[in-house]
Every structure is written in C-alpha cells, then in structure tokens.
1. Tell me which of 266, 227, 170 sits at the most positive position along the dipole axis of the range 170-308, charges placed on C-beta atoms (Lys, Arg +1; Asp, Glu -1).
2. If you count the DSSP beta bridges with both ends in the chain, what percent of them are antiparallel, to the nearest 5?
3. Please report, in debye to the nearest 20, how large the charge dipole of the chain is about its Cα centre when each Lys and Arg carries +1 at its beta carbon and each Asp and Glu carries -1 there.
4. How much net charge surrounds residue 52 when only the other residues with a Cβ under 12 Å from the Cβ of residue 52 are counted, with Lys and Arg +1 and Asp and Glu -1?
5. Could you tell me which of 419, 70, 19 has its Cα farthest along the dipole of the chain towards the positive end, charges placed at Cβ (Lys, Arg +1; Asp, Glu -1), taken about the Cα centre?
6. Taking the highest mean first, how do the peptides 254-266, 117-129 order by number of other beta carbon atoms within 10 angstrom per residue?
7. Give me 300, 237 sorted ascending by neighbouring Cβ count inside 10 Å, so fewest comes first.
8. Based on other C-beta atoms within 10 Å, arrange 4, 224 from fewest to most.
Amino acid sequence: MGSELIVLGISHRTAPVAVRECLAVDPADAEGFIKNLSARPGVGEVAFISTCNRVEIYAAVQDRVTAFSSLRDLLVERLPPDAGGLGELETHLYRRAGRAAVHHLFRVASSLDSLVVGEPQILGQVKDAFDLANRAGVAGPTLVDCFTRAFRIARRIRRDTGIARQSVSVSSVAVDLARQVFAGFEGRQVLLVGAGKMADLAGRALKAQGARVAVTNRTRARAEDFANRHGFAVEDYAQLEAAIGRADIVITSTGARQPILGRDAVARIQKTRRSRSLVLVDIAVPRDVDPAAADVPGVYLWDIDDLQKEAATALAGRREEAEKAEQLVEEEVLRYLQVQRGRGVAPTITALRNRFQSVAQAEAEKALAGLPGADERTRRAIERLATGLANKLLHAPQVVLKKEASGEVGEMLAAAVAQLFELPAVAAVQTGADPTEEAEEAPAEESSSQKQANS
C-alpha cells in the first residue's frame, strides 16, 4: 500500500490569533520541531508551515488514524496550561487526507486560502517549508511530488489569472487601515517595529503613499540596513516607549514569543502624549501588543484577525479571478490523481505477468519431464510455445489495464484481476522490467536460463 498525503492544522479560518500564536513555531526552533514530527508514530515524510495565519503539518503516511492522533498529541503538548488542552484545540483543528489534502495544499500555495487572497508571500513560505523538509531528510517521493505540483499550479495561477493584480498583502491592508483612521499620512509619523518580511512589505506600501517613517528593531544593524534600503529614519529599540510616544501610527511585526508592549506601557505612553490618538496595528503572530492595551483611552488597536474584514473589502473585485484559479486547482488535482491511479495499476500488471510466466514455465517443465529423450531443439520449441501462449493471453488484459489506469475503472479492474488470479499483495510484488511495457515473446535462450523448479 502506498503512502497518502494528510494535513493537520489550524488557520485564520478556524482559530483566533490567541490560539494560533500558541502553536506558532519560532524559526530558530524549526529544525528541532521537524525532527520531532518525523519521529511521531505513523509519520514518514513530513513538512510543516508556520505563518501568522496558519500552522499546518503535511505528512505522507500509510496509517492516517495513527498519524493524525500522534501529530495532534504533539500540538496539544505545545499549548500552555491555561489554553484548554485537547478539548479546546479540537474545536479549531482540521484534518484532510488523500485527495482533500492535495487539494488543500494546492489552494494554500496558490494563495486561495490566504487571509488576503492573491498575496504573494505564502508561496515563498510553502517553499521554505519544503526546503526545510529536504534539508532535514524527511521529504520523500510523496511530498516531493505533491509540493512540486503545488509550486507549478501556484505559478500558473499567478501567470494566467488576475488574482495577483494590484498586489495586496496583510501588510498593505494594515497600511490602508492606518491611513483611513487619519484620512491620510500627511503630518503623521509612522513607526515600524521589526525589520522582517512583513515590515518590508509595509515599508514599501508606506513609501508608495509618501508616509514619514521610522523603523526600530532589537538588532540595530538590521534596523539600519532596513532604513537605508527604504530611506527611513532609525529609532533606538532600547527607547521603544519614547519612540512610540513620538509616533501616530505603529505597525509591529517582530518574532517575539511574548508581547513587547503591555497595557501598562501603552498607558504610560499615552500620558506623555496627552491621550492623542495612537493607532497600533499588530500583524505579528504571536502578538506583539497585549490585547488589553485597546482599553487605554485614545488607543486604536487592531491585530491580524481584525484585518480580515478589510481584506475582504479590498478583494471584492477579484472574485471572478479567484473562481478561475479554483478551476485550475481542480484540474491539477485531477491530473495528480490520474497519475497516482496509473501507478497503482502498474504493480498489478507486474504481478499478473509474473503469475502467467510462472505457470507457463511450470507447464513447460512438466511437458519436458515426460520427454526424457527430447533434444535441445525440441526443448526450446516447447519453451517458446509456453512463453508465447502466456504473452498472447497477457496482451488483452494488460492493454485494458493500461488504458483505464488513470480512472476509477482502472482501480476496479486491477482489484478484480488481483482477486481472479489470486495475485500477491502489492507490497510483495518485486518489480523488474517496466510493467507498463507490453510483454514480448522471450528468446528461447533466456527461457532456458531462467528455469525454476515449479513442477
């Protein structure tokens, strides 16, 4: 039995950021986490995606029940004691297997399942996940096939549809939201906290709208490099509260595991600002800003979940293009399934050929045993007759099996052939020559050298 793809995960569609941030994997811990995944019962090949909007585990398995259970238990172990444990997690988890898992992966890579449909970052994140699995030595033929196809369909969708037209990302939605609060950026100071990919996208959007921007980061060298690329000012991270006090809009996207800005800190900042309006847009997962900061007078706080409505509005014009993309995904899933079904028939053809050839050889041996005085010419003639008869009988069923291999009929025919001829289990079939090649009449010299004592 071959491996099938499964996926277990949570996303912005099923879990609030408060749950997602508990399961998010720090990039520094990624290699250790994937090794832990690969060691779980029932798991063979494995990869995982951890972004601000999803934590998903993809695995190639033979026993989906065992694999789902062991992977779920690992996720439960990552939850803090007050998070509700298994019962709470189960309300947010989704499971996909086989066709549904492949379909889900293709949609994720193509940005059809993103908070912002059409955003380009997810494809890079899926590629990073696959690269990590390769480096860790836990990506085998099933993952390689599925992820390679996912990358191909994602590129095709971006090329052949308008889904990525007027590129929108979580960061650009955050910038648009901040702009709406003050009816523009004129006279406003924006502070970016963090210097990673999300901040880079936000920085580009802010620069395009003429905003006055400063950046701060725990590592000053990264902040300076970031500022030089965009033409921004640099603020000292050690003086974060003071820097926020000088800003009107703050967009945070650090990789901190705990909030970098608590309610008390925001309250202190607002006192120095005399409660002037302060917009905090937190697009980090785990969150950078304590949700309780929203209670401080004059503070407007949005986290990544709050951006969903804004994203839906921004993407209203892409519905038709998204539908085209969904159709392309369906077509690619169908192609994948056709190839898989074709591969499933190949072992049956091999086993059937082995059975016919074994019977032919055994019958030739029996005939020759009754002709002790037969010369070499006679022996070869009998062997050719037996082999030729076997190949003639094999031809028709082999042609039909190959013809129907890519559809459900092929699967049913293969199962019927296996039952009718009492063929061994697929795993026991030892493949030699390509089973999709038609049987040719074997030369007499080869038949003679391959005799087996089956009589």
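1. Of the options given, the answer is 227.
2. Values: 18 of 39 bridges.
Looking only at bridges with both residues in the chain, the antiparallel portion is about 45 percent.
3. Values: 58 positive and 60 negative charges, 221 e Å.
The dipole magnitude comes to about 1060 debye.
4. Values: positive: 20, 54, 197, 287; negative: 21, 119, 282, 288, 303, 305.
Summing Lys/Arg as +1 and Asp/Glu as -1 gives -2.
5. Farthest towards the positive pole: 19.
6. Numbers: 254-266: 17.3, 117-129: 19.7.
In descending order of packing, they fall as 117-129, 254-266.
7. Details: 300 14, 237 18.
In order of increasing Cβ crowding within 10 Å: 300, 237.
8. On the way: 4 19, 224 15.
Ranked by crowding around the Cβ, least crowded first: 224, 4.
FYI, it's all coordinate maths here, none of it is from the lab. None of these values were measured; they are calculated from a predicted model. In this analysis, Cβ positions are derived from the backbone assuming ideal geometry, glycine residues included, and neighbour counts consider all displayed protein chains.
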